[in-house]
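Undergrad: I'd like to ask you about the structure that follows.
Taken together, the values in this text are just the output of simple stated rules run on the coordinates, not laboratory data. None of the values given here were measured: they were computed from a predicted structure. Backbone-built Cβ (ideal geometry, glycine too); neighbour counts: all protein chains shown.
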Amino acid sequence: MLKARITGTGLYVPKKVLTNFDIEKMVDTSDEWIRERTGIRERRIAEEGEAASDLALMAAHEALKSAGLKARKLDLIIVATVSGDMPLPSTACILQHKLGAKKAAAFDVNAACSGFIYALSAADAFIRAGTHERVLVVGAEVLSRITDWTDRSTCVLLGDGAGAAVLEADKGDRGILSVKLNADGSMWDLLHIPAGGSRMPATEETVKKRLHYMKMRGNETFKVAVRTLEKLVLSTLKEHRLEPEDIALLIPHQANHRIISATAKRLGLGLDRVMINLDRYGNTSAASIPIALDEAVRSGRVRKGDYIILEAFGGGLTWASALIKW
Ligand code: ACO
């Protein structure tokens, strides 16, 4: 049986750092509130003119380098993003061109913060079906462009960045063991951008009313996230007859340290077995898991043969998990 194995990872974050103290000067908030309620200390912000595909390109180069693979060998590129370069074409097509990956098909996935796992699941299915052998999956976001910098309830949370993974077909026992994808569209309005689509096309009025920025009902989202993530991870473990202590590392979406530690506590996992980097990057939506994965791999926190779990929760609402034998 073919498996999709991650053979390389990479990340790129913009150089510019925006600290909580910088945000204190922009809206009515404090470093203390942000750290205590979210765990975030600082986030990265893209340069003017830097778009999602630019960040994706840098992360993709790193992932290809660590996999020892040339871009022209790729069969497929999937980019998970809610802040792509433009509505048309897909950011994946722009990335395909920049990489010179002429043989690769390319498409985007929009599942907000769960986007990377949704994209990983698509890559896994293509590889197991035997139609594609080498797939690049990228999560890339320039959320600073869809952030309302006058809205303290969202602007303190978000950051820019990209992470990438190369997946290759493998006949061994290592690779993606299972992926679980879920959605509940009845709660779509907890997290959305009202204008700029076919429901409410851009007009002078929509711009004036700041309707092109992300709106979030954070507290309601928080409660659903904590409830859902515990169930999701436990059912993944049960299906594979694994116990929480069998997991070497949990790599959660980096939205809020309170969500992460509540999930870890309910699972009985010590924080030493949970990857947390949101203090440095904030919530980078679809980019957060591949950035954390790359940091975990490069720092030696994931070793050959380890079981790791990725889990995410985000707009849609969507939630997803992946169990991987590294
Ligand atoms: N600084 C100071 N005070 C603030 C700030 C701020 N930046 N933001 C909100 N407050 C205030 C509120 O006005 C409120 O004041 P009040 O009590 O006087 O009314 C108080 O703080 C508490 O507000 P809550 O919204 O209840 O705060 P909460 O503890 O829920 O934290 C947060 C807010 C951090 C947004 C949290 O709810 C959260 O992390 N939610 C989940 C986010 C998430 O997971 N989203 C999905 C992924 S994102 C994606 O898909 C792109």
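Undergrad: I'd like the residue in the stretch 1-36 that is among the hydroxyl-bearing types (Ser, Thr, Tyr) and more than 25 Å from the chain's Cα centre (by Cα) and, out of all such residues, is surrounded by the fewest Cβ atoms within 10 Å (Cβ to Cβ).
TA: Of everything passing the filter in the stretch 1-36, 30 is surrounded by the fewest Cβ atoms within 10 Å (Cβ to Cβ).
Undergrad: Is it true that residue 173 is buried (at least 16 other Cβ atoms within 10 Å of the Cβ), touching a residue at least 60 places away in the same chain (Cβ under 8 Å), more than 12 Å from the ligand (Cβ to nearest atom) and of a type in the set (Asp, Glu)?
TA: In short, no.
Undergrad: Which one of these is hydroxyl-bearing (Ser, Thr, Tyr) and within 16 Å of the ligand (Cβ to nearest atom): 178, 261, 235?
TA: 261
Undergrad: If we keep just the residues of the stretch 137-167 that are outside any loop (DSSP other than H, G, I, E, B) and surrounded by fewer than 19 Cβ atoms within 10 Å (Cβ to Cβ), which is farthest from the ligand (Cβ to nearest atom)?
TA: 145
Undergrad: For the stretch 175-211, enumerate the residues that are of a type outside the set (A, V, I, L, M, F, W, C) and either within 18 Å of the chain's Cα centre (by Cα) or closer than 27 Å to residue 234 by Cα (or both).
TA: Correct list: 175, 178, 180, 182, 184, 185, 186, 192.
Undergrad: Sticking with this one: For a quick check of your reading of the model, give me the residue pairs whose first member lies in the stretch 111-132 and is closer than 18 Å to residue 185 by Cα, whose second is among the aliphatic types (A, V, I, L, M) and part of a helix (DSSP H, G or I), with beta-carbon atoms closer than 6 Å and at least 6 apart or on different chains.
TA: Once the first residue is closer than 18 Å to residue 185 by Cα and sits in the stretch 111-132, its partners that are among the aliphatic types (A, V, I, L, M) and part of a helix (DSSP H, G or I) give 115/286.
Undergrad: Which ones in the stretch 90-136 are in contact with an Asp or Glu (Cβ under 6 Å, 6 or more places away or on another chain) and in a helix (DSSP H, G or I)?
TA: If the condition is that a residue be in contact with an Asp or Glu (Cβ under 6 Å, 6 or more places away or on another chain) and in a helix (DSSP H, G or I), then 91, 92, 94 are the ones that fit.
Undergrad: Going by what's in this entry, would residue 197 be described as surrounded by fewer than 16 Cβ atoms within 10 Å (Cβ to Cβ) and not in a helix (DSSP H, G or I)? Working first, answer last.
TA: Numbers: surrounded by fewer than 16 Cβ atoms within 10 Å (Cβ to Cβ): yes; not in a helix (DSSP H, G or I): yes.
Yes: the conditions hold for residue 197.
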